[in-house]
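Okay, so here's the structure we're looking at.
The values are calculated or read from the model by the stated rules, or taken from the named source; none is laboratory data. What you are looking at is a predicted structure, and each value in this text was computed from that prediction instead of being measured. Cβ sites come from the backbone with ideal geometry, for glycine too, and all protein chains shown count toward neighbours.
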Amino acid sequence: MTKVKPTGGAEAPVLECIGVERRFGGLVAVTGVDLAIQRGEIFGLVGPNGSGKTTLTNAITGFYPPNVGRIKLDGKDITGTAPHKVAGMGVARTFQNLALFNGMSVLDNILLGRHIHMNPGIVRTALYWWLARPQEIANREVVEEVIDFLQLESIRHELVDGIPIGLKKRVELARALVAEPHLLILDEPMAGMNQEEKEYMARFILDARAERGVSVLLIEHHMDVITGICDKVLALNYGEMIATGNPQDVIKDPRVIEAYIGGSHGE
């Protein structure tokens, strides 16, 4: 895989976490987490199962606001902001467990990603040909372009129930991209994929960064992917930062090696 360098300048980070801590009762899921994702960067987040990766992304997207610390998006403090408002600020995500709607087609699942750009209402419905139809056409144009970008044309009318896991992951990526985000959070987008599917997904992520200008927070267990496409990486274990920096250096860090192959919950 050929790594593409980020295009970011000296602007404020797209995403910044400062001393983030999230507790659930007496359980501290993440604590003292600092990270900064620059514009155009692919930032990897790694760690064993239960290390706090998904909890951190849920804090960022507003599902579980941090008990301590601050979260900034483009320099603006969004700590505690509701998830739908965070989405409206240009943050889209995929999920570790697929969140597609079975019984619906690939096309309909992708169309749902445009909901934050739609303005439904009684007046717009009553004046459909003058108000609603132009918006509907514009939304469909974005969806059609993403379907072509991710090479999903051949399965657009198939139910998502019956397509392979690799294509399901691609559909979920498409649904996130049609929201036109500038920060894309991908939670294990290559889980369950074979090597060929992983190569395709890695290329689509790189192309999304290059052609659409998105910055990416990538949660992933496949270290070949992390070292192949990420510009920086942060490793967590038991909710704490254990290493951060260049991917090649982080994966060689003794604490990271211990977390993955020597810890009680290592993989």
Provide a single number: the residues in region 243-259 that are touching a strand residue (DSSP E or B) at 6+ places or on another chain (Cβ under 7 Å) and in contact (Cβ under 8 Å) with a residue 24 or more places away in the chain. 5
Considering each residue of region 198-210, count those that are surrounded by 17 or more Cβ atoms within 10 Å (Cβ to Cβ) and touching a residue at least 60 places away in the same chain (Cβ under 8 Å), and give that number. 4
Of all helices (runs of 4 or more DSSP H) fully inside region 1-114, the set with 2 or more residues that are under 21 Å from residue 189 (Cα atoms), under 19 Å from the mean Cα position of the chain (by Cα) and not assigned by TED's automatic domain parsing to the domain that holds residue 235 is 106-111
List the residue pairs whose Cβ atoms are under 9 Å apart, where the first residue sits in region 211-239 and is in a loop (DSSP other than H, G, I, E, B), the second is basic (Lys, Arg), and the two are 6 or more positions apart or on different chains. 213/39; 222/198; 230/3; 231/3; 231/5; 239/22
Restricting attention to region 35-72, which residues are free of Cβ contacts under 8 Å to residues at least 60 places away in the same chain, over 30 Å from residue 210 (Cβ atoms) and buried (at least 20 other Cβ atoms within 10 Å of the Cβ)? 66
Would you confirm whether or not region 168-188 contains a residue that is over 16 Å from the mean Cα position of the chain (by Cα), surrounded by fewer than 21 Cβ atoms within 10 Å (Cβ to Cβ) and not β-branched (Val, Ile, Thr)? no
Qualifying residue in region 15-27 (condition: surrounded by 23 or more Cβ atoms within 10 Å (Cβ to Cβ), in contact with a Leu (Cβ under 8 Å, 6 or more places away or on another chain), farther than 19 Å from residue 95 by Cβ and of a type in the set (A, V, I, L, M)): yes
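Before we move on, is residue 256 over 22 Å from residue 97 (Cβ atoms), in the same structural domain as residue 24 (by TED's automatic domain parsing) and surrounded by 22 or more Cβ atoms within 10 Å (Cβ to Cβ)?
In short, yes.
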I'd like the full set of residues that are in a helix (DSSP H, G or I), farther than 14 Å from residue 179 by Cα and not hydrophobic (A, V, I, L, M, F, W, C), limited to region 141-160. 148, 153, 154
